[in-house]
Amino acid sequence: MDPTALILPNATLFAESHHTPLIKIFIENSRNLPSDFENVTQAVLLIISALFTFVGARIALHLSVFHWNLRMIMVACLLIWVELALSRTLCFVFHFDYVYLKNQNDSLLSPCETDGSCNFWENWQTPLFLAAFFRYHYLFFMLQLPLCIVFERAFATVFVRDYERKRRRWVFFLISGLSNGFSTFMACLAVTSNLNFHQTIITVSFTMFLSALLYLYLSYHNLQQLFILENEHRRTNYSLSIRYQLKENVKTLKLMRQFFVTMSIFILAMSLSVYIPIITTSDADMCFDVFRRTMENR
């Protein structure tokens with residue numbers, strides 16, 4: 001008998017659960033047909049959230065407090081909500097097709113829509129496949145938000161002498177391109193059964209760890225430079241623009257502190273919801289099912 005089974009009685013169930021591909025989790029949850037009341041509620045919430053999203057993007061676009069690059073990152077993170085709306089709409093299309101056109105006959109569905117056996121060449125026009133792609137692209141893009149902001153502040157630190165006077169739009173397009181490229185790559189892995197929950201947690205945790213390291217370094221560096229500039233300005237090349245930029249960097253990084261804490265708590269909660277069953281006698285499948293339904297219904 002495996003000695004691990006004596007110490008971790010639910011290790012086998014846990015291993016089977018958290019190695020389930022993300023696409024299969026999405027397909028299983030999406031095939032749970034909502035009631036008419038739930039459909040109407042979701043439609044109303046989509047309309048309300050659309051209004052708040054576009055109003056928020058308009059406000060963020062005209063904020064003069066932050067640099068243009070930082071404002072555009074905020075706008076992009078708000079407008080990426082469109083992908084979530086598309087995902088939900090495509091799920092509505094699948095439910096309508098499944099219920100009213102195919103009479104809930106599973107034999108008329110593709111393998112992608114039944115067990116998550118998807119690939120791009122065969123399923124790129126399948127509503128449920130596209131819904132999963134948009135959902136996971138949105139998820140991975142949003143989880144990179146701290147790293148995007150940190151990179152933008154890193155450029156502000158490097159070009160501290162004239163960053164506020166020059167837009168340097170290439171900074172935003174570079175960060176946006178890299179973020180979208182990574183999100184697309186991870187979403188492709190997720191919808192082709194090459195990414196499971198365990199790998200997702202590791203990837204997200206590494207991203208947050210890297211963001212935290214860069215955040216701490218930039219905070220220390222900008223505070224140190226600001227202290228030197230304000231206390232030893234007679235012996236340094238004092239500049240009001242440099243002082244303003246350093247204060248702007250420090251202010252933005254302080255605003256990010258609460259966001260980092262919130263994201264860390266969220267990732268910790270995700271991890272514990274799955275890893276706790278290893279050291280307890282609770283049902284690992286049940287705990288994982290509770291988490292994955294929560295994650296997919298965000």
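The values are calculated or read from the model by the stated rules, or taken from the named source; none is laboratory data. Here the structure is a predicted model, which means the values were calculated and not measured. Note that each Cβ is placed from the backbone with ideal geometry, even for glycine, and that neighbours are counted across all protein chains shown.
Worth a mention:
- Sole residue being at pLDDT 65 or above, in a helix (DSSP H, G or I) and surrounded by fewer than 16 Cβ atoms within 10 Å (Cβ to Cβ), chosen from T262, T252: T262
- For the range 227-244, the candidate set comprises residues that are closer than 15 Å to F159 by Cα and surrounded by 12 or more Cβ atoms within 10 Å (Cβ to Cβ); within that set, the residue that is modelled with the lowest pLDDT is S239.
- Checked against (1) surrounded by fewer than 16 Cβ atoms within 10 Å (Cβ to Cβ); (2) out of contact with any strand residue (DSSP E or B) (no Cβ under 9 Å at 6 or more places or on another chain), N194 meets all criteria but (2).
- Out of F133, F140, F129, F94, one residue alone is closer than 30 Å to V250 by Cβ and crowded, with 18+ Cβ neighbours inside 10 Å. It is F140.
- Scope the range 52-91; condition in contact with a helix residue (DSSP H, G or I) (Cβ under 7 Å, 6 or more places away or on another chain) and farther than 26 Å from E164 by Cβ; matching residues: T53, I80, W81, E83, L84, A85, L86, S87, R88, L90, C91
- Complete set of residues in the range 153-184 that are in contact (Cβ under 8 Å) with a residue 60 or more places away in the chain, part of a helix (DSSP H, G or I) and surrounded by fewer than 21 Cβ atoms within 10 Å (Cβ to Cβ): A154, F155, T157, R169, S176
- Looking only at the range 44-67, and only at residues there that are of a type outside the set (F, W, Y) and touching a residue at least 24 places away in the same chain (Cβ under 8 Å), the one that is nearest to E113 (Cα to Cα): L46
- Scanning the range 33-43 for residues that are under 13 Å from H95 (Cα atoms) and either touching a residue at least 24 places away in the same chain (Cβ under 8 Å) or surrounded by 10 or more Cβ atoms within 10 Å (Cβ to Cβ) (or both) yields L33, P34, E38, N39.
- Any hit, the range 159-169, residues being at pLDDT 85 or above and under 24 Å from the mean Cα position of the chain (by Cα): yes
- Filter result for L189 (surrounded by fewer than 22 Cβ atoms within 10 Å (Cβ to Cβ), closer than 19 Å to I25 by Cα, more than 12 Å from the chain's Cα centre (by Cα) and not polar (S, T, N, Q)): yes
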